[in-house]
Amino acid sequence: MSAGTSISLRARAVFLGGPGAGKGTQAKRLAAAGHVAHISTGDMLRAHVNQGSDLGKQAKSLMDGGKLVPDDMIVAMVKERIAQPDATAAWILDGFPRTLPQAEALDRLLGASAERKLSRVVYFQISDAELKARLEGRRNCNQCGAIWHVATKPTKRVDTCDACGGALLQRADDRPEAIDKRLQEFHKLTEPLRAYYQNKNLLRIIDASRTPDVIYQELVQLMQ
């Protein structure tokens, strides 16, 4: 299935996994093919940081240190986002929930209606060693947002985006010291969500160490 092929997608899904597991890449691709909303709490937070809002200033100090933003702040953002017109029928949540209280808050937001409840939770399983290698080499374009990697997806010119010519930067939370903290937070706070959603019979686990195209094909089957 080619990148531009449309698919029928009416799922309300959560993508879980460690930092760098590929959740965002796959969520964007699926959302574009299925014409549904891709809701990334990380993207929303970074937008606030770039805008210099009060929320952004508070979030930046936490994100730069590899720490999680407080639940109430994230829940409020998600509540506002899923109420928008493009998210009424289907969406993919990428980066939320990250804690059990967030998962419980999401359940309350969606309510008991079958038309609004979660239909699928996908856990991207991959080793910490591979996650570290992915994150340390990741570079983001400061203009178009494209993501590159110094080893697996290098640009033609060092530190220059092939797509738009913008400068490539390493996110503060992709530096080694921040990565270790992010992984510690993930194992402590987010990994318990596997059991939470397993008990609800919503969880599906995929091997996220494979190539993006292979993972995408499996996700299409799971989401349809």
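Since every read-out is calculated from the coordinates, none of them should be taken as a lab result. Predicted model only: the values in this text are computed from it and were never measured. Quick reminder, even Gly has a Cβ in these numbers, built from the backbone with ideal geometry, and neighbours come from all protein chains shown.
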Q.
Please check: in the Gaussian network model of the chain (C-alpha springs, under 10 Å), which one of 146, 90, 59 has the largest mean-square fluctuation.
A. 146
**Q.** Set of the stretch 193-211 residues, backbone N closer than 14 Å to the point 7 Å along the Cα-Cβ line of residue 218
**A.** 204-211
Q) With the chain treated as a Gaussian network of Cα nodes joined by springs under 10 Å, which of 39, 147, 74 yields the largest mean-square fluctuation? A) 147
Q: Mind listing the long-range amide H neighbours of residue 16? Cut-off is under 5 Å, sequence gap 5 or more, other chains count too, H placed in the peptide plane at 1.01 Å from N.
A: 122, 123, 124
Q: Take the stretch 1-115, compute every pairwise Cα distance, and split them into 10 Å bins from 0; I just need the percent in each bin.
A: 13, 43, 34, 10, 0
Q: Would you mind calculating the relative contact order of the stretch 137-192 from Cα pairs under 8 angstrom and at least 6 residues apart, reporting the percent as a whole number?
A: 29
**Q.** Rounded if a/c under 1.5, otherwise prolate or oblate - the stretch 56-183, Cα gyration tensor axes
**A.** prolate
Q.
Defining a contact as two alpha carbons under 8 Å apart and six or more residues distant in sequence, what relative contact order in percent does the stretch 1-104 show?
A. 42
Q. Among 67/117; 23/200; 60/156; 57/153; 28/188; 60/117, which pairs are too far apart, with a Cα-Cα distance over 25 Å?
A. 67/117; 60/156; 57/153; 28/188; 60/117
**Q.** Point-to-point label distance, residue 84-residue 177, nm (Cα→Cβ direction, 7 Å offset)
**A.** 3.5
**Q.** Three-way shape call for the chain based on the alpha-carbon gyration tensor, with the a/c threshold at 1.5
**A.** rounded
Q. Which of the aspartates and glutamates could be linked to residue 181 by a straight reach, that is with a Cα gap under 19 Å, when you skip same-chain ones fewer than 8 residues away?
A. 64, 71, 128, 130, 136, 173, 191
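Test of understanding: ordering 54, 162 by Cβ neighbours within 10 Å, fewest first, what list do you get?
With the fewest neighbours first, 54, 162 line up as 54, 162.
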Q.
Just to be sure I understand: with springs between alpha-carbon atoms less than 10 Å apart, which residue in 151, 21, 11 has the highest mean-square fluctuation in the Gaussian network model of the chain?
A. 151
Q: Grab the DSSP H runs of the chain that are 4 residues or longer, score each as -39,500 (n - 2.57), total them, divide by all residues and round the 222 nm result to the nearest 500 deg cm²/dmol.
A: -12500 deg cm²/dmol
